[in-house]
1. Considering only region 128-141, state which residues are in a loop (DSSP other than H, G, I, E, B), in contact (Cβ under 8 Å) with a residue 24 or more places away in the chain and open to solvent by 30 Å² or more (accessible area, probe 1.4 Å).
2. Any chance region 58-66 includes a residue that's of a type in the set (Phe, Trp, Tyr) and either open to solvent by less than 20 Å² (accessible area, probe 1.4 Å) or under 28 Å from Ala226 (Cα atoms) (or both)?
3. So in region 74-86, with the set limited to residues that are modelled with pLDDT of 95 or more and out of contact with any helix residue (DSSP H, G or I) (no Cβ under 7 Å at 6 or more places or on another chain), which one is nearest to Ile113 (Cα to Cα)?
4. Would you mention how many residues in region 89-98 are surrounded by 15 or more Cβ atoms within 10 Å (Cβ to Cβ) and either over 16 Å from the mean Cα position of the chain (by Cα) or modelled with pLDDT under 95 (or both)?
5. Which ones in region 112-127 are in a strand (DSSP E or B) and acidic (Asp, Glu)?
6. Which residues, taken from region 223-237, are crowded, with 19+ Cβ neighbours inside 10 Å and of a type outside the set (Val, Ile, Thr)?
7. Would you confirm whether or not region 13-20 contains a residue that is open to solvent by 20 Å² or more (accessible area, probe 1.4 Å), modelled with pLDDT under 95, charged (D, E, K, R) and assigned to a helix (DSSP H, G or I)?
8. Having 2 or more residues that are in contact (Cβ under 8 Å) with a residue 24 or more places away in the chain and surrounded by fewer than 15 Cβ atoms within 10 Å (Cβ to Cβ) is the bar; report the strands (runs of 3 or more DSSP E) wholly within region 147-213 that clear it.
Amino acid sequence: MTEQQQQALCTLIRKAGARAQALRDAGLNIENKGRQDFVSQADVLIEQEIKNWLKIHCPQDGFLGEESGLVEGERGIWVLDPVDGTTNFILGMDYWCLSLAWVRQNVIELGIIYAPDRDEFFFARHGQGAFLNGKPLKLREPSPERVVIGLGRSSRAPVSLYAQTLEAVLNDGMEYRRFGAGALMLAHVAAGQIHAYYEQHMNSWDALAGLLLIAEAGGVSNAFLAGDGLLRGNLVLAGCNGVHERLMALLADGID
């Protein structure tokens with residue numbers, strides 16, 4: 001992807017975020033995909049808009065979207081969640097985002113996370129750093145007694161496992177937050193607002209952009225793409241090096 005295409009893509013994502021806001025403000029049609037799992041017409045329309053742009057400008061690439069599924073490509077693959085945190089979005093909360101990643105030869109090459117209501121635009125290129133609104137991000141290790149992590153709860157994992165994780169984290173002296181948009185929480189790890197993120201299972205469209213942001217900010221994660229993580233999803237554990245190691249030891253029974 002050329003620098004010019006990259007800039008055009010960032011502009012597209014910003015416009016897509018504004019369109020999602022406008023659709024929400026005008027009143028959304030909402031459908032249930034499952035228990036506490038919703039899709040709005042904003043999800044569908046924004047995904048189609050970005051998919052169409054990529055088809056024109058990156059015709060050799062494939063596409064994987066939360067709403068429309070997989071289209072094979074010859075080069076790499078774009079992975080999109082048009083609205084992560086849909087429940088927050090439809091309730092008028094600001095904690096939601098668009099998440100887009102480009103994967104080539106099993107490497108996450110580019111990641112964008114945009115939270116329109118918060119005016120936060122995260123961008124990362126493999127080997128070129130991570131940025132929030134143009135400012136570089138660099139992780140710093142917290143003191144052990146001040147660790148705050150993000151926890152996600154997947155409907156694809158037992159509630160009992162989440163409860164065990166929560167108990168283990170609190171008993172170890174760490175604090176936690178759960179805001180209902182895993183992609184944005186990963187971005188906030190990269191920004192240093194929390195120190196790690198753990199979820200028993202995430203889909204690739206929620207995880208990949210944030211994982212690249214964390215890596216490019218100096219953090220570490222599990223090998224998400226292993227075991228067909230692109231299509232099947234995987235566990236996510238990512239953050240500052242020391243906190244990542246601490247959580248690996250603490251949650252060893254829940255991490256395969």
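1. Gln128, Lys138, Arg140, Glu141
2. Taking region 58-66 as the starting set, the residues that turn out to be of a type in the set (Phe, Trp, Tyr) are 63.
Okay, now just the ones that are also either open to solvent by less than 20 Å² (accessible area, probe 1.4 Å) or under 28 Å from Ala226 (Cα atoms) (or both), so 63.
Looking for residues that are of a type in the set (Phe, Trp, Tyr) and either open to solvent by less than 20 Å² (accessible area, probe 1.4 Å) or under 28 Å from Ala226 (Cα atoms) (or both), one finds at least one in region 58-66, hence yes.
3. Within region 74-86, the match that is nearest to Ile113 (Cα to Cα) is Ile77.
4. Count: 2.
5. Step one: list which residues in region 112-127 are in a strand (DSSP E or B), which gives 112-115, 120-125.
Matches in region 112-127: Glu120 only.
6. So the first thing to find is which residues in region 223-237 are crowded, with 19+ Cβ neighbours inside 10 Å, and the list is 224, 229-230, 233-237.
Listed by number, the residues that qualify are Phe224, Gly229, Leu230, Gly233, Asn234, Leu235, Leu237.
7. Just the residues of region 13-20 that are open to solvent by 20 Å² or more (accessible area, probe 1.4 Å), to begin with: 14-15, 18-19.
Add one more test, that the residue is modelled with pLDDT under 95, and what stays is 19.
Remaining after also requiring charged (D, E, K, R): 19.
Then drop every residue that is not assigned to a helix (DSSP H, G or I), which leaves 19.
Yes, some residue in region 13-20 is open to solvent by 20 Å² or more (accessible area, probe 1.4 Å), modelled with pLDDT under 95, charged (D, E, K, R) and assigned to a helix (DSSP H, G or I).
8. Values: elements: 148-151, 175-177, 196-202.
Passing ranges, in order: 175-177.
The values are calculated or read from the model by the stated rules, or taken from the named source; none is laboratory data. Because the structure is predicted, anything quoted here is derived from the model rather than measured. Every residue, glycine as well, gets a Cβ built from its backbone with ideal geometry; the counts of neighbours run over all protein chains shown. For the accessible areas, the whole protein counts, side chains as well, though only heavy atoms, and no ligand, DNA or RNA atoms are used. Shrake-Rupley method; radii C 1.70, N 1.55, O 1.52, S 1.80 Å.
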